[in-house]
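Laboratory data are not the source of any read-out in this text; all were calculated from the coordinates shown. For clarity, every value in this text was computed on a predicted model and none was experimentally measured. Here the Cβ positions follow ideal geometry from the backbone for every residue, glycine too, while neighbour counts run over all protein chains shown.
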Protein chains: 2
Amino acid sequence: MTETALSPELEAVVAAAAAAAPAFAATAPEDRARAIVAIADALEAAKPRLVEIAMRETGLTEARLSGEVTRTAVQLRLFADTLVDGGYLDARIDPADPDFVLGPRPDVRRTHIPLGPVINFSASNFPFAFSVLGGDSASILAAGCPLIVKAHSGHPELSDATAEVALEALRRTNMPEGIFHVIHGRDAGVEVLKDPRIKAGAFTGSIGIGRLLADIAASRPAPIPFFGELGSVNPVFITADAIAERADEIASGFLTSVSGSAGQLCTKPGFVFIPSGSALPAAISAAGADLPEHRLLGPRIAQSYAERRAAILGSEGVRTVIPGGIRFDDEGQGWATPTVVAVPLDGFRAGYTALVEEAFGPLSILVETPAGTDLAALMPEFYEGNLTGTLHLGALEGTGTSENVDELRALVTAISRQVGRVLFNGWSTGVAVTPAQQHGGPWPATSNDSSTSVGTAAITRFLRPVAYQNAPAAFLPVELRDDNPRGVRQAVSPAGESGGWGARWR
Amino acid sequence: MTETALSPELEAVVAAAAAAAPAFAATAPEDRARAIVAIADALEAAKPRLVEIAMRETGLTEARLSGEVTRTAVQLRLFADTLVDGGYLDARIDPADPDFVLGPRPDVRRTHIPLGPVINFSASNFPFAFSVLGGDSASILAAGCPLIVKAHSGHPELSDATAEVALEALRRTNMPEGIFHVIHGRDAGVEVLKDPRIKAGAFTGSIGIGRLLADIAASRPAPIPFFGELGSVNPVFITADAIAERADEIASGFLTSVSGSAGQLCTKPGFVFIPSGSALPAAISAAGADLPEHRLLGPRIAQSYAERRAAILGSEGVRTVIPGGIRFDDEGQGWATPTVVAVPLDGFRAGYTALVEEAFGPLSILVETPAGTDLAALMPEFYEGNLTGTLHLGALEGTGTSENVDELRALVTAISRQVGRVLFNGWSTGVAVTPAQQHGGPWPATSNDSSTSVGTAAITRFLRPVAYQNAPAAFLPVELRDDNPRGVRQAVSPAGESGGWGARWR
């Protein structure tokens, strides 16, 4: 089972990760928490040096990158607390029940264990928060799975420097050798993903590459789960009341969201549905008079953005609200200012293919809908799966007492059926790292929408359930023991309660 | 997106399921609970008639089938109570926090919503408990997903009769039209699985067919989750102490487990590792003198069993403990008595390919291991993924104070890494339907081991998370509201607590 065609270098990486898996799985959650906090502290201590490399490799600003390091460190620490809390184990205890309705019930107890070595393909647009020590890596390590990061080609030097910081912290906190690796090159990543010793994959990037990798994961002799965060155009719906009440505020929030990080965010609002003839385009045009120019992440992304932008501007019925632009410097780097266009709903429908694909950069499309348009029906027509969907309401509408409340409820339900996060009166960029966060959604937003890639629920992706039947206490995982020394939440189904099932629903 | 090549009949089924999805998702959990209990009651009321059909179509005994109807009804009612409890929604609330460590945190609340229409390929060996109204169907309906059952060809008449019972109960409890369908034929099942309106698949059956369907689900333009419960050989390890203390009891329990339902159970103990030279083979041989003959489920299964049995008996080093046999009647039905063989560990290794594949029928293999064999190391060598793994311990060993406790702990850990359920001093057949049950395991035991197909946790397979950010109460799902009228468990992360993350782990 361990025969592979890996190069000696990759074979050493995968063999080390596989060999380390049992020891890492056996570490106490408190010890993993300590190691993860040590990584977070070391990352913040190395911030000046790392941000300098990141600025050079990605073109992102110092302020943005510095904030991202803080976010990444906080994210790691949050997983440390998740580990200590233990609720993520979903510990369940069914004590033995001699009078169980189907005959004597054994003692059954269920917890979750790590999957084993995981490969994480890191992203270009968040060189810290979705890269070597980002949310995917944090949740993989927290789960107790050895981690192999496939570095993004956009910031190779930063990836290696970040890895050194992590390795030193893991050594200092006595974690098993072999649980952390960074590799380079797409072919290397694919070869590792195919290896039978790898038990799951994570990815943040494009639909094309994500699909390729998901197909590889699914077609292995033993298929594995693959959690890819792919493409999203994040529809926004703004009511006439909201525009009447606060057009300027909405225009300004919208432009901040579209232009931040040069629009290279998976949660950038790509389509904004507004009533025809509203004051919003003018407000946006006025607010967007002199937005600064930013470098895009790299020449390939810039080239692709320039092509998408040209296709959208050339589509029939599209009119310019803020022209913006893109230019290339001598090194092939692209520099962009935000572009906003508007198109009537029938023009959007006619130019659907040219318009709907994600434009990864600072561009957004206003779609003007005639009065009486059934917006809820528009959702499924529009785009299959998204990370987010947003609704801006007027003050009365927000109370749920306006005349159109049924239409608005239908729209909220329609949005929820196709996204992972529904926002009200806000903007989808800037994803809070919290226990209730959901960053994921139906295909093609993700390749597997059973979980999230941001927030502490992300840890569940790299665990699977195991039950123990009639296990002596000496052989039970500690969170399943009656004395529960870690104080983990245990859901207990007491004996003697099975007789009444469903009785009250007859 | 709704264009398909389905036949008019299948198109009507899928279109009805898709059209019913929003209305079904919007039903109150209490109303779905009431409908599910009505189905359970109707199923039990129809028991005599249904069992008569099942006996004719499957050859299973009246006692077994009658018990299976009770189990199926209890299973349905258990999901009704799961719905009312609401804990499965994993409701999380992060109230807004102006002092959040990464800047003001919005109010974020997370729950789970149904995936949409699901196709369930039912099993041959449980014509009730894993068929039209079995655990998969129960969890799909409980989740609020329209259900299309692909009936098993082994009991078509029973499938239709069961569907009528369910449809009548659903109508009586005012559930939306179109949420329940039974279709026939493998091609029909495949066509429906490919349809973009179908959002998940469930399956219980062979590795071959399961893999075929899993590949179809994964290779669709929009891939969907596919929860297949496939093959398992369920290793058992019995220590010398356990045999010394209770060889006869173990022999009798083993034979009951191997011969029940003519061995056609996915949890049948297929391999039993025992110390070389122990008294167990003789005890088994003595206890198995005159076991009754049973009909296998159908000619195809019987033929396949006869072939597997011949291959195992013909493998070098294999010796017969209980010969058993299989004969075919004039209608091509196979009738079997249990076969038990023994093979030394080196013979098992030499004949691995012939021996290791599941023999679906009343046959089990004792593997005799020399003193000093590292049993924990044997697990990964033996077989990749299993539904269960079992350990029989002596009395002192069970206290965790015996000399070999470290070896036993290592063995338990090794078993847990490759199975979904670890049993002690019991037998893996007879899966309790309870909240802590885990029926699933690494490939090829299942195609997706993130959940279970038995027990109430099974409902999570057909749900996905959705978060609501700064949603006015009027637009929140009821389980996320502060007033929590349903009394669902809500995990709240209070504001003001973010400063200390990880602090105690420095």
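Please compute the average number of Cβ atoms from other chains found within 10 Å of each residue's Cβ in peptide B:424-430. Could the numbers behind the result be given before it?
On the way: counts 9, 5, 3, 1, 1, 0, 4.
For this peptide, the per-residue mean of nearby foreign Cβ atoms is 3.
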If you average 1/r over all unlike Cα pairs in the range A:437-492 and invert the result, what Kirkwood radius do you get in angstrom?
-> 13.9
May I have the convex hull volume per residue, in Å³, for the Cα set of the range A:235-424?
-> 104
Just how many % of Cα pairs in the protein assembly as shown lie over 41 Å apart, if you round to the nearest whole percent?
-> 41
Counting only residues 5 or more apart in sequence or on a different chain, those whose built amide H sits under 5 Å from that of A:LEU391 are A:PHE237, A:LEU423, A:PHE424, A:ASN425, A:GLY426
From the C-alpha gyration tensor of the range B:125-262, pull out the three semi-axes of the equivalent ellipsoid (sqrt of 5λ each), sorted largest to smallest, in whole Å.
-> 36, 20, 13
By what distance, in whole Å, do the Cα atoms of the range A:402-453 stretch along each of the three principal axes, largest value first?
-> 38, 22, 17
For the range B:349-506, what ratio Rg/Rh do Cα atoms give with a Kirkwood hydrodynamic radius?
-> 1.12
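Dipole size in debye (nearest 20) for the range A:235-424 around its Cα centre, Lys and Arg Cβ +1, Asp and Glu Cβ -1?
The calculated dipole for the range A:235-424 is roughly 400 debye.
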Rounded to the nearest 5, the percent of DSSP beta bridges in the range A:235-424 running antiparallel is 30
GluC sites (Glu not before Pro) within the range B:394-434: DSSP coil, no more than 16 neighbouring Cβ in 10 Å = B:GLU403
Sorting B:ASN125, B:ILE312, B:ASN448 by the position of each Cα along the dipole of chain B (Lys, Arg +1; Asp, Glu -1; all at Cβ), the one nearest the positive end of that ordering is B:ASN448
Per-residue mean of C-beta atoms belonging to partner chains within 10 Å, peptide B:414-422 = 5
Long-range HN-HN contacts of A:PHE180 with modeled amide H, under 5 Å | A:LEU147
Determine which lysines satisfy two conditions relative to A:LYS194: a Cα distance under 26 Å, and not lying fewer than 8 residues away in the same chain.
-> A:LYS150, B:LYS194
If labels are modelled 7 Å from Cα along the Cβ direction, A:PRO48 lies from its partners in the other copies at nm distances, smallest first, of 8.9
How big is the charge dipole of chain A about its Cα centre, in debye rounded to the nearest 20, if each Lys and Arg gets +1 on its Cβ and each Asp and Glu gets -1 on its Cβ?
-> 760
Karplus couplings for the range B:174-184 from phi (6.51 cos²θ - 1.76 cosθ + 1.60, θ = phi - 60°), rounded to Hz, Gly and Pro as x?
-> 6, 6, x, 4, x, 8, 9, 9, 10, 10, 10
Average partner coverage of A:73-81, which counts Cβ from other chains inside 10 Å | 5
D_trans [Stokes-Einstein, Kirkwood Rh over alpha-carbon pairs] for the range B:159-219, 20 °C, 1.002 mPa s, µm² s⁻¹ | 159
If the cut-off is 18 Å between C-alpha atoms, which lysines fall inside it for B:LYS268, apart from same-chain ones fewer than 8 positions away?
-> none
Taking the convex hull of the alpha carbon atoms in chain B, what volume per residue do you get, in Å³?
-> 178
Distance in Å, no decimals, from the C-alpha centre of the range B:120-156 to the one of the range B:310-332 is 33
Inter-copy distances for A:ASP483, nm, shortest first, label points 7 Å along Cα→Cβ, are 4.7
Kirkwood-based Rg over Rh for the range B:67-149 (C-alpha set), two decimals?
-> 1.23
Determine the relative contact order of chain A: mean sequence separation of Cα pairs under 8 Å and six or more apart, normalised by residue count, in whole percent.
-> 19
Quote the relative contact order of the range B:291-426 in percent (integer), defining contacts as alpha-carbon pairs under 8 Å separated by 6+ residues.
-> 21
Placing one equal point scatterer on each C-alpha of the range B:269-345 and summing with Debye, one gets log10 I(q)/I(0) at q = 0.22 Å⁻¹ equal to -1.06
Total charge of the residues flanking A:GLU9 in space, meaning their Cβ is under 15 Å from its Cβ, with Lys and Arg +1 and Asp and Glu -1, is -4
Collect residues whose amide H, placed 1.01 Å from N in the peptide plane, falls under 5 Å from the amide H of B:ALA491; neighbours closer than 5 in sequence don't count.
-> B:ALA91, B:ARG92, B:ILE93
Residue-count net charge about A:GLU157 - beta-carbon cut-off 13 Å; Lys, Arg +1, Asp, Glu -1 = -2
Over the range B:64-165, what is the relative contact order in whole percent, taking alpha-carbon pairs under 8 Å and six or more residues apart?
-> 26
Sorted from shortest, what are the nm distances separating the label point of A:GLN333 from equivalent points in the other copies, each placed 7 Å from Cα along Cα to C-beta?
-> 7.9
